[in-house]
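*Asks:* Please find one structure pasted underneath; my questions will follow.
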Amino acid sequence: MPILMYHSVAAAPNDATRALSVAPEAFAEQMALIGDLGLTPLSTAELAQRWRGGRPLPARPVLITFDDGYEGVHRHALPVLAKHGFPATLFVSTGWIRGSYDTGGGLDAMLDWPQVRDLAAAGVEIGGHSHTHPQLDQLGDDALHGELDRCTEILDDELGARPASFAYPYGYSSRRVRRAVRASGYAQALAVGNALARRRQGPYALERVTVRRTTGAEEFERLLQGRAVARTFAGDRALTKGYALVRRARQLHQVRRKASRSRV
C-alpha cells in the first residue's frame with residue numbers, strides 16, 4: 001500500500017523547501033483524486049493496529065503523512081483534508097515549532113503550538129520526528145535518547161497524550177535507532193525508501209513514497225495504484241544506496257576512533 005510523504009504545502013516556498021513542497025492547488029487535486037479512485041485513507045496508528053491485530057485493511061488503503069511541521073499543513077492542507085473527511089499523520093520536530101521550545105532550525109514558515117493543537121483536534125494524528133531533526137543514526141546513545149525523549153515529552157505536555165508513531169528524520173535509521181525508538185514508547189515508525197509499504201517490513205521500518213513539487217497528476221495516480229514505483233524512484237534509490245555506504249564508513253570510523261581513545 002502507498003504511504004504518501006509530504007513536507008511543505010506552500011504557494012511560495014523558499015529555496016530550502018521548494019523541491020519537497022507541493023502547491024496548494026496540486027495538493028487539493030491530489031486529495032480529490034484519492035477520493036475519485038475510491039481509496040481509503042488511514043492514520044499511521046490505525047494501519048499498525050490493524051496489521052498487529054491481524055485485522056483486514058479497508059479496500060484500497062493509503063496513508064497521508066507530513067514531516068517536520070510546516071505552517072502550510074494548517075493553512076492549506078487541513079481544509080482540504082476536512083472537506084474530504086481524510087485522516088492524516090503529521091510528524092513534528094518539536095524544536096522547529098514556533099514557541100517555547102523553538103531552536104531556530106525550521107527551514108521555512110513553521111507551525112506554532114496552537115496550530116498543532118488545532119490539527120490534533122481536527123483528527124490529524126500527531127507523531128514524533130525528533131527534537132532538532134538530526135541524522136539519528138549518526139548520534140551517540142545519549143544524544144539519540146535525548147532527541148527522542150525530549151520530542152516525546154514536549155508532545156505529551158502540549159497535546160496531553162504521548163505520541164504513538166514516529167518518522168525518522170531524513171528517513172535514516174539503523175537497528176540501534178529502531179531499538180531506541182521502540183524503547184521510547186513508540187509503537188510504529190516510518191522510513192522513506194520510496195517503495196510501497198508491506199507488512200513484512202515490520203512496524204519500525206515502514207516505507208513511504210515522496211510527493212514533490214514536480215509530481216504531476218499522472219505520476220501521482222501511478223503512485224496511488226502502486227505502478228512503476230521502482231522506476232519512478234530509481235535515481236533516488238541509487239543515491240540512497242551510495243550514501244548508505246558513505247554513512248556506514250563514517251560510523252565505522254567513529255567507532256574506531258572511540259575505541260582508540262579508550263585505549264590511550
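The values are calculated or read from the model by the stated rules, or taken from the named source; none is laboratory data. In this text the structure is predicted, and so the values were computed from the model without any measurement. No Cβ is skipped: glycine too gets one built from the backbone with ideal geometry, and neighbour counts run over all protein chains shown. Note: accessible area is taken over every heavy atom of the protein model, side chains too, but ligands, DNA and RNA are not part of it. Shrake-Rupley method; radii C 1.70, N 1.55, O 1.52, S 1.80 Å.
*Asks:* Skipping prolines and chain starts, which residues have an amide H placed within reach, meaning under 5 Å, of the one on residue 193, given they are 5 or more residues away or on another chain?
*Replies:* Distant-sequence amide H within range of residue 193: 208.
*Asks:* How many percent of the accessible area of the stretch 3-229 is carbon or sulfur, using a 1.4 Å probe? Each step should come with its number before you reach the end.
*Replies:* Working: 4420 of 9220 Å².
Result for the stretch 3-229: 48 percent of the exposed heavy-atom area is carbon or sulfur.
*Asks:* Can I ask one more? Given the stretch 111-204, what whole percent of its Cα pairs are spread farther than 16 Å? All intermediate terms of the calculation are to be shown ahead of the outcome.
*Replies:* Working: 2343 of 4371 pairs.
Summing the P(r) tail past 16 Å for the stretch 111-204 gives 54 percent.
*Asks:* Jot down the radius of gyration and Dmax of the stretch 152-238, Cα atoms only, both in angstrom.
*Replies:* 15.3, 43
*Asks:* Taking N as the number of residues in the chain, what value does Rg over Cα atoms divided by 2.2 N^0.38 Å take? Could the numbers behind the result be given before it?
*Replies:* On the way: Rg = 18.2 Å, N = 264, 2.2 N^0.38 = 18.3 Å.
Relative to the 2.2 N^0.38 Å estimate, the chain comes out at 0.99.
*Asks:* Here is a follow-up. Determine the gain in length on full extension of the stretch residue 162-residue 23; use 0.36 nm per residue of separation and subtract their C-alpha separation, reporting nm with one decimal.
*Replies:* Values: separation 139, 0.36 × 139 = 50.04 nm, distance 3.15 nm.
So the chain would gain 46.9 nm between residue 162 and residue 23.
*Asks:* Would you please put 74-81, 139-146 in order of how densely packed they are, using the mean number of other Cβ atoms within 10 angstrom per residue and starting with the highest?
*Replies:* Working: 74-81: 19.4, 139-146: 13.5.
Highest to lowest by the protection proxy: 74-81, 139-146.
*Asks:* Where both partners of a DSSP beta bridge lie in the stretch 64-167, what percent of those bridges are antiparallel, to the nearest 5? Could the numbers behind the result be given before it?
*Replies:* Working: 1 of 11 bridges.
For the stretch 64-167, the DSSP antiparallel bridge percentage is about 10.
*Asks:* Residues with amide H under 5 Å of residue 70's amide H, sequence separation 5 or more or different chain, H placed in the peptide plane at 1.01 Å from N; which?
*Replies:* 111
*Asks:* Nothing charged except the Cβ atoms of Lys and Arg (+1) and of Asp and Glu (-1): what's the magnitude of the dipole of the chain about its Cα centre? Round to the nearest 20 debye. Provide the component values of the computation, followed by the final result.
*Replies:* Numbers: 35 positive and 27 negative charges, 367 e Å.
Value, rounded to 20: 1760 debye.
*Asks:* Note the full-extension length gain between residue 122 and residue 75 as 0.36 nm times their separation in residues minus their Cα-Cα distance, in nm to one decimal.
*Replies:* Values: separation 47, 0.36 × 47 = 16.92 nm, distance 1.31 nm.
Stretched out fully, the residue 122 to residue 75 stretch lengthens by 15.6 nm.
*Asks:* In Å², what does the accessible area per residue of the stretch 3-229 work out to with a 1.4 Å probe? Before the final figure, lay out each step's value.
*Replies:* Details: 9220 Å² over 227 residues.
With the other protein chains kept in place, the stretch 3-229 gives 41 Å² per residue.
*Asks:* If you don't mind, there's one more thing I want to ask. Antiparallel as a % of all DSSP beta bridges within the chain, to the nearest 5? Display every interim value, and only then the final one.
*Replies:* Details: 1 of 27 bridges.
Antiparallel bridges: around 5 percent, rounded to the nearest 5.
*Asks:* To continue, here is another question. Which residues' amide hydrogens lie under 5 Å from the amide hydrogen of residue 90, considering only partners 5 or more residues apart or on another chain, with H built in the peptide plane?
*Replies:* Sorted by chain and number, the residues that satisfy this are 66, 125, 126, 127.
*Asks:* Tell me, rounded to the nearest percent, the portion of alpha carbon pairs in the stretch 1-111 spaced more than 25 Å apart.
*Replies:* Details: 1611 of 6105 pairs.
That fraction is 26 percent.
*Asks:* 222 nm [θ] for the chain, helices only, -39500 (n - 2.57) per DSSP H run of 4+, per residue, to 500? Display every interim value, and only then the final one.
*Replies:* Working: 9 runs with 110 residues, N = 264.
Calculated mean residue ellipticity at 222 nm is -13000 deg cm²/dmol.
*Asks:* Could you work out the equivalent-ellipsoid semi-axes for the stretch 41-106, taking the square root of 5 times each eigenvalue of the Cα gyration tensor, largest first, in whole Å?
*Replies:* On the way: eigenvalues 156, 51, 10 Å².
Semi-axes from the Cα gyration tensor: 28, 16, 7 Å.
*Asks:* First obtain the Kirkwood hydrodynamic radius of the stretch 4-59 from its Cα pairs, then insert it into the Stokes-Einstein equation at 20 °C and 1.002 mPa s, and state the resulting D in µm² per second as a whole number.
*Replies:* On the way: Rh = 13.5 Å.
Reported coefficient: 159 µm²/s.
*Asks:* Let me ask another. Hey, could you grab the Kirkwood Rh for the stretch 69-136? Inverse mean 1/r over distinct alpha carbon pairs, Å, one decimal.
*Replies:* 12.2 Å
*Asks:* Show me the ranking of peptides 51-58, 183-190, 219-226 by mean Cβ neighbours inside 10 Å, starting with the highest.
*Replies:* Sorting 51-58, 183-190, 219-226 by mean packing, highest first, produces 183-190, 219-226, 51-58.
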